[in-house]
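Structure first, then comments.
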Amino acid sequence: MRSAGLRRLGPALLAAAALAVGIIPAARADDLDAAVSEDQKAYLITIGAVERRAEQNAAVPLEQRLVDYQRAPNCQNPDGTWTRGAPDGTCPHGEGTPNAPVLCAGPGQSVIWPMWRRERTTPTTPWSPWTRLDFGGCSTDLLPTLTEADFRRLPIPAPTLTLQPDRGWVLINIATIVTTNPDPVTLRTDLLGHAITVEATPTTWTYDFGDGHTLTTTSPGHPYPHHDVFHQYEHPGTTTITLTATWTGRYLIDGTTTWHTINGTATTTTTSGPLTIEERTSRLVATHCHTQPRPADC
């Protein structure tokens, strides 16, 4: 029987703990989905990754398979060893894995039996004994996780960069005001057969003003005269302004009601058109500069 302490652990942690004490043999690396990093494959097997591998394998006819997966109870033999039970949830000696409701207390949850695996070298050779790959768990453990890498691959639109004044040139020692759009964007994607809604929200903005000065802020900026994000150029020249937005995100899997926070961030970049930095000075003139023909001293 699994101890009360182990029952409180999540299935992935149960698998890791079991591997540490030698209960579960480590699966081959090709049993794991790409969602599990290379350094995790040596010691951590997640229910979702194994389930997705099993789904892919199910497309191959049984008579042609070299690997077979099946969910069945974990049964204790009279001598204390553990073996695979029947797919209907029964054990030959009546002692199965205690997949008690305490593991799946949430609404709409169902218990998932442990996943077992067997293999053979050719379609005509005998199958190997069944090997347990995970402890099973709850139905939500089979849902995919949108990773930081997945988030960064989404086509998040770069926020607009607005300049004030916006006329192709700016003056030295005068505020060049920058603003952007702070609104979240909603995207749709597909992950391992599940349709997902992703909400991405810009949280910080970094401006590179092209003269060696940068500014990172959590304010989207406000137009004149309430501006709070701006820069004053010190020397004439030409430049561009680059805005890098950092996004956080959350996602909702179709058919569920819980939003999940994405563990990581994404960035987008947008760049202004070329700007001329000009120096203007005032001086006294003999006549009005709007006079035609224009005076030479204007």
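Does Gly255 satisfy the criteria of being open to solvent by 50 Å² or more (accessible area, probe 1.4 Å) and small (Gly, Ala, Ser)?
Yes: the conditions hold for Gly255.
Say whether the condition of being among the acidic types (Asp, Glu) and touching a strand residue (DSSP E or B) at 6+ places or on another chain (Cβ under 6 Å) is met by at least one residue in the stretch 233-254.
yes
If I filter the stretch 144-177 down to residues being among the aliphatic types (A, V, I, L, M) and in contact with a Ser or Thr (Cβ under 7 Å, 6 or more places away or on another chain), which single residue comes out as farthest from Pro236 (Cα to Cα)?
Looking at the filtered set, the residue picked out is Leu154.
Name the strands (runs of 3 or more DSSP E) wholly within the stretch 109-200 that hold at least 2 residues that are within 22 Å of Leu62 (Cα to Cα) and open to solvent by less than 70 Å² (accessible area, probe 1.4 Å)?
In the stretch 109-200, the matching strands (runs of 3 or more DSSP E) lie at 115-119.
Being closer than 30 Å to Arg52 by Cα and either of a type in the set (Phe, Trp, Tyr) or at pLDDT 95 or above (or both) narrows it down to one of Thr204, Thr179, Thr218, Thr197, so name that one.
Thr197
So which pairs qualify, if the first residue must be in the stretch 209-237 and of a type in the set (S, T, N, Q), the second must be open to solvent by 80 Å² or more (accessible area, probe 1.4 Å) and in a loop (DSSP other than H, G, I, E, B), the Cβ gap must be under 9 Å, and the two must be at least 6 apart or on different chains?
These pairs meet every condition: Gln232/Asn173; Gln232/Ile174.
State all residues of the stretch 205-230 that are open to solvent by less than 40 Å² (accessible area, probe 1.4 Å) and on the phi < 0 side of the Ramachandran plot; if no residue qualifies, say none.
Trp205, Tyr207, Phe209, Thr217, Ser219, Pro220, Val229, listed by residue number.
The values are calculated or read from the model by the stated rules, or taken from the named source; none is laboratory data. Owing to the predicted nature of the structure, the values given are computational and were not obtained by experimental measurement. Quick reminder, even Gly has a Cβ in these numbers, built from the backbone with ideal geometry, and neighbours come from all protein chains shown. Ligands, DNA and RNA are excluded from the accessible area calculation, which covers all protein heavy atoms including side chains. Shrake-Rupley method; radii C 1.70, N 1.55, O 1.52, S 1.80 Å.
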